[in-house]
Amino acid sequence: MKLEYIWIDGYSTLRSKTRCVESCDTDAILKLTWNYDGSSTNQSSGKDSEVLLKPVYITKDPFRTKNDYLVLCEAFLPDGMPAKCNYRSKAKDIFDKYTELKPMYGIEQEFFISKHSKPIGILGSQMPDPQKDYYCGVGGDNAIGRHYVEEALDNCLKAGLSITGMNAEVAPSQWEIQLCSIGIEAADQLILLRYIVNRTFEKYGLTMDLSPKPLKGDWNGSGCHVNFSTERMRDEECYDNIMKCITHLGSKHKESIKMYGDNKERLTGEHETSSFDIFSWGIADRSASVRIPRDTVKNKKGYFEDRRPSSNMDPYLVTSSLLKFIHKV
Ligand code: MN
Ligand code: MN
Ligand code: MN
């Protein structure tokens, strides 16, 4: 069988390589550590270049046969420390500590379809009309590259990711795919979503562009909103508690924003974004840092949406810090 080992490199982008082994079950795969040359991934020096790969999460491989797997790994240095940009190790400690809260994350990954770092919806040097009918748009002038995203979506589903939806976004060739899961699995799945979408696009010489502001000027950037709840928020009427969590999160805004990806150019207060420097919240308010859905107000329970994370955020930092900041409230 073929195992595709996937990891995060020292630039927070993804790498993978193939290992062929005799057939074995998934428990055995989780024990199959491997390694790679960290000097080529900005994670070690050439002198002591071996970085260890430790499998942590496995799904079916939608690009190969039904016997093949994608193997998400954590990267470790020879001394046992997490390699550069491996934020999963620390996140895992936080998740293990607060397992009983059953934190749920609905993550909305926005991205552009790009070729040579340029969104394919931009033809030549001519910029199309800003904010036309791209959002949830239909027709060749609006929904640019739909067939690539459809194929990527199918591949995510074939792999078994907990996908919840997909839509065309507000800029030409900008799209969004959403997933929802509990605990660290949500972050693991988001990494695999990014991998699968990018692998699907690769076939066409295209790239999943996660940069938060690929088009300068009067255009929306890409975000990665995170909808958050604990089991209590979902099951009990506890609106006061939800509000306390949001207020407390606001007091940690400076700390959070550092972990939320490249946001300087994106969080301008324009185009349904909030301020980079100042925390805000609002009911059904898409210009706030945190949005409380109307249903959550009405039912006194549910979830809230953190709209601050950018498209290139690290999901381990974002999901674990949300849990860390609200666990006491
Ligand atoms: Mn959305
Ligand atoms: Mn969106
Ligand atoms: Mn959203």
From the options 240, 262, 295, 277, residue that is surrounded by fewer than 19 Cβ atoms within 10 Å (Cβ to Cβ) and within 16 Å of ligand 3 (Cβ to nearest atom): 295
Number of the condition not met by residue 79 [criteria: (1) out of contact with any helix residue (DSSP H, G or I) (no Cβ under 9 Å at 6 or more places or on another chain); (2) away from ligand 1 (no atom under 16 Å from the Cβ); (3) in a strand (DSSP E or B)]: (3)
Residues in the range 259-277 that are in a loop (DSSP other than H, G, I, E, B) and either within 18 Å of the chain's Cα centre (by Cα) or polar (S, T, N, Q) (or both): how many? 9
Boolean, residue 308 is assigned to a loop (DSSP other than H, G, I, E, B), basic (Lys, Arg), within 16 Å of ligand 1 (Cβ to nearest atom) and surrounded by 14 or more Cβ atoms within 10 Å (Cβ to Cβ): yes
So residue 173 passes all but one of these: (1) in contact (Cβ under 8 Å) with a residue 60 or more places away in the chain; (2) of a type in the set (Ser, Thr, Tyr); (3) away from ligand 2 (no atom under 16 Å from the Cβ). Which condition number does it fail? (3)
Can you find a residue that is part of a helix (DSSP H, G or I) and over 21 Å from the mean Cα position of the chain (by Cα) anywhere in the range 135-156? yes
What pairs come up if the first residue lies in the range 303-329 and is under 18 Å from residue 272 (Cβ atoms) and at pLDDT 95 or above, the second is acidic (Asp, Glu) and crowded, with 23+ Cβ neighbours inside 10 Å, and their beta carbons are under 8 Å apart, counting only those six or more places apart or on different chains? 311/110
If I filter the range 97-116 for residues that are modelled with pLDDT under 95, more than 16 Å from ligand 1 (Cβ to nearest atom) and not in a strand (DSSP E or B), do I get at least one hit? yes
Residue 237, sole failed condition from (1) in contact (Cβ under 8 Å) with a residue 24 or more places away in the chain; (2) over 19 Å from the mean Cα position of the chain (by Cα); (3) not in a loop (DSSP other than H, G, I, E, B): (3)
Please name all residue pairs, on different chains or six or more residues apart, with Cβ atoms under 8 Å, provided the first residue is in the range 210-229 and is in contact (Cβ under 8 Å) with a residue 12 or more places away in the chain and assigned to a strand (DSSP E or B) and the second residue is among the β-branched types (Val, Ile, Thr) and within 12 Å of ligand 2 (Cβ to nearest atom). 223/273; 224/107; 225/107; 226/107; 227/107
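The values are calculated or read from the model by the stated rules, or taken from the named source; none is laboratory data. Remember, it's a predicted structure, so these values are computed and weren't measured experimentally. Please note: Cβ atoms are built from the backbone with ideal geometry, for glycine as well, and neighbour counts cover all protein chains shown.
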